[in-house]
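The structure appears below as structure tokens.
Please treat every number below as a calculation from the coordinates, not as lab data. Keep in mind that this is a model prediction, so the values were computed, not measured.
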Amino acid sequence: MLRLNILSLIGLLLLSIPAPVLSSMGQDAVEIMFSQEIVAIDSSGVRYEPVIIDPATMPGMTSQDFDLARGRSLRIVTNLPAARQTGLQQVARIVQRSYDFIEKRTGGTLDKGVLLYILEFETLPLSYRFEATYSTAAPWQEVRVVLLDQGESLVGPSGSADLAELLFDTLPHELTHDVLADISPLLHDIDGEASHYTRWFIEGICELLAKEFAQHEAPATLSRLLAMRNVDEVLGNPSVCNAIFSWAQQNDNGMALESDLYGASMLLMMAWTETVDLPHLLARLNQCSTPQCGLDLELLMEATTGSSRSEMVERARQIGAILLHSNYLVTRMAVDKQKG
Ligand SMILES: [Zn+2]
């Protein structure tokens, strides 16, 4: 808890980067390094030097596999003592429901599992860098890490806030990316190459489904997650409205604008999917015979809703204004459920 209190007073940077590294693993397999860096910055801007966390050198590590159906599994690698591992089954059930939810809401399929490191520390490091290397041939859709305070509960009302955020927000967001990556006409930004300006669409859907999953599983955490995205005022901000359709992977945005653009994109996709069912929209994109860039998506939004771009941004702003104080998300999820 000490760490959270300190971090609320100082800056925090989170970088999660699956980065390809050179390898000699043969023609098909490439080594991927998953790295996550949390950098704490004090009020004068000085960065706390990160502690390197290498799971291969940590004592007391064990590994358990949980079935996620269709040949997929969740592997949890942890230093939790055996008596504390009973909650891992519950974690696995949430991950399974996340898979089911994302596949149902997108109409896509997820073929690989998750490698999850749950690491407990007597004193949590303020700044850290975690690295794990795996092969693209490995059966992992996602590789993630979460750190726990010693003795901290896994899930439930007094469970770890970091694990809750991973399970109810980050993981469904990333699984949605995995489904969208399989829609071949949809262009994705690649580092070092020119932007296709599809980010508002891609991140908007990922955020939308992550927040729907959080609503479904842990409604008590949802308002905090939505507030982090500033949803009630983000589209009243001209700099966000100006930046949304030209949002590129590589940009000079500050952390606040970048976070706001996630929220704004989510609201825009909420507005679009009020009139067009998401699985139908994605199936339609999948059938496109030409690559789809951001402008194509803007035109598709106008064509399928009968509203102009600025009318859709205004509708998204209205949704943002009521989202935190109404049943908007609950009601639209109930309607989606009736549609089956
Ligand atoms: Zn994303």
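Across every pair of non-identical alpha carbons in region 235-340, the mean reciprocal distance, once inverted, gives a Kirkwood radius of 15.0 Å.
What the phi angles of region 85-98 give under the Karplus curve with 6.51, -1.76 and 1.60, with θ = phi - 60°, is a coupling list of 8, 5, x, 5, 4, 5, 4, 5, 5, 5, 4, 4, 5, 5 Hz, glycine and proline written as x. Inverting the pair-averaged 1/r between distinct Cα atoms of the chain gives 21.2 Å as its Kirkwood hydrodynamic radius.
Taking amide H atoms as placed 1.01 Å from N in the peptide plane, the amide H of Ile53 lies under 5 Å from those of Arg129, Phe130, Glu131, each 5 or more residues away in sequence or on another chain.
In a solvent-free Debye calculation with one equal scatterer on each Cα, what is log10 I(q)/I(0) for region 26-89 at q = 0.11, 0.19, 0.21, 0.28 Å⁻¹, listed in the order of the q values? The Debye formula, applied to the Cα set alone, gives -0.50, -0.99, -1.04, -1.17. Under 5 Å from the amide H of Ser153 lie the amide H atoms of Ser160, each residue being 5 or more positions distant or on a separate chain, with H modelled from the backbone and absent for Pro and chain starts.
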